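J.: What follows is a structure written as structure tokens; I'll ask about it next.
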């Protein structure tokens, strides 16, 4: 398995393979860039079909974090980590402490945090072995509510750009994936009168949103065919692809999932179809913004963190306007904005 030949390898500064026989830990840490500061990005625990899939994921996600942190104007570089395995089977204090020891060996070039299948409690177990973790209980804590807020505001910004107003009452939104962030997003949408259509691989998650917010449950594959205004991908990535684009009827795609476009060219296809796409690493930056405020010398301040998250609305408004004036897809404009910030500094 040649990392340098991986399609997602982008001159990453460091890729580290970690193992611990006693706890069963198998993990990969990817540091994409430390130009703006130490690499920061969450740890994902996933049952990858093969090791190559894990490498692909961590390389792609870590580059995304470089761009996410830059556009959010955070003094962080980009990194990510993945632990390979079934979350229902391998989680243990020994596993997370072993992972914490590997983080410690990197000496601060990378800080980890919670992500898919990783809780703040898991991060606290890593913290027993290292200080190179963020999103700690008693400090910034769970980032999910802030990611949900940013995603909701991003949908409002997209609707404002597309329709000239941001009143979401009666607007039909298809939400794919109902994890902690998506639940918070559904709550915000329900409170402003949006009509929700939801799906998830976990029936309990569906039932909760249906019961709490009057959402309509649909099949996993049916979500793409709905006649809705907004498609909100909130599960894993690459759901906007050659197979789904012809089926998606929404004229706005805005959700909290990472790496929503299967390939870069899909962003241009969306633009040509008149679909407004909110670049994923811009709209879902609320969590990492909140985590940043944990690092402030005077301590975490939720009011300041929330104000910064609210800036996602303005950033997306700028990206949408530049996309229209320059006749480029929104994800290309976002990438160019990130590259400008990385080159020029914050």
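J.: Please determine, by comparing only the residues of region 157-178 that are out of contact with any strand residue (DSSP E or B) (no Cβ under 8 Å at 6 or more places or on another chain) and surrounded by 20 or more Cβ atoms within 10 Å (Cβ to Cβ), which one is farthest from residue 293 (Cα to Cα).
T.: 168
J.: Would you mind finding the one in 316, 276, 236, 337 that is surrounded by fewer than 19 Cβ atoms within 10 Å (Cβ to Cβ) and either more than 17 Å from residue 177 (Cβ to Cβ) or in contact (Cβ under 8 Å) with a residue 12 or more places away in the chain (or both)? Lay out the reasoning, then the answer.
T.: On the way: 316 fails: surrounded by fewer than 19 Cβ atoms within 10 Å (Cβ to Cβ); 276 fails: surrounded by fewer than 19 Cβ atoms within 10 Å (Cβ to Cβ); 337 fails: surrounded by fewer than 19 Cβ atoms within 10 Å (Cβ to Cβ).
Answer to the selection: 236.
J.: Could you say which residue among 257, 232 is under 20 Å from the mean Cα position of the chain (by Cα) and assigned to a loop (DSSP other than H, G, I, E, B)?
T.: After applying the criteria, what remains is 257.
J.: Also: Could you list all residues from region 184-212 that are surrounded by fewer than 17 Cβ atoms within 10 Å (Cβ to Cβ), touching a residue at least 24 places away in the same chain (Cβ under 8 Å) and closer than 15 Å to residue 170 by Cβ?
T.: 192, 193
J.: Okay, moving on. Pick out the one residue from 89, 114, 93 that is within 30 Å of residue 318 (Cα to Cα) and in the same structural domain as residue 44 (by TED's automatic domain parsing).
T.: From the options 89, 114, 93, the qualifying one is 114.
J.: Within region 115-136, is there a residue that is within 17 Å of residue 31 (Cβ to Cβ), in a strand (DSSP E or B) and touching a helix residue (DSSP H, G or I) at 6+ places or on another chain (Cβ under 8 Å)?
T.: Looking for residues that are within 17 Å of residue 31 (Cβ to Cβ), in a strand (DSSP E or B) and touching a helix residue (DSSP H, G or I) at 6+ places or on another chain (Cβ under 8 Å), one finds at least one in region 115-136, hence yes.
J.: Determine whether residue 278 is modelled with pLDDT of 95 or more and closer than 17 Å to residue 69 by Cβ.
T.: No, not satisfied.
J.: Okay, next question. Only one residue in 214, 219 is in contact with a strand residue (DSSP E or B) (Cβ under 8 Å, 6 or more places away or on another chain) and more than 22 Å from residue 153 (Cα to Cα), so which one is that?
T.: Sole residue among the options that is in contact with a strand residue (DSSP E or B) (Cβ under 8 Å, 6 or more places away or on another chain) and more than 22 Å from residue 153 (Cα to Cα): 219.
J.: Next question, about the same structure. Do the conditions hold for residue 267, that is, is it touching a strand residue (DSSP E or B) at 6+ places or on another chain (Cβ under 8 Å), buried (at least 19 other Cβ atoms within 10 Å of the Cβ) and in a loop (DSSP other than H, G, I, E, B)?
T.: When the stated conditions are applied, residue 267 does not pass them.
J.: Next question. Of the residues in region 70-98, how many are out of contact with any strand residue (DSSP E or B) (no Cβ under 6 Å at 6 or more places or on another chain) and in contact (Cβ under 8 Å) with a residue 24 or more places away in the chain?
T.: So the count comes out to 15.
J.: I've got another one for you. Listed residues 307, 249; which is assigned to a loop (DSSP other than H, G, I, E, B) and either touching a helix residue (DSSP H, G or I) at 6+ places or on another chain (Cβ under 9 Å) or free of Cβ contacts under 8 Å to residues at least 12 places away in the same chain (or both)?
T.: From the options 307, 249, the qualifying one is 249.
J.: Out of all the residues in region 187-210, which are part of a helix (DSSP H, G or I) and touching a strand residue (DSSP E or B) at 6+ places or on another chain (Cβ under 6 Å)?
T.: The answer is 189, 206, 209, 210.
The values are calculated or read from the model by the stated rules, or taken from the named source; none is laboratory data. Keep in mind it's a predicted model, so treat the numbers as computed, not measured. Note that each Cβ is placed from the backbone with ideal geometry, even for glycine, and that neighbours are counted across all protein chains shown.
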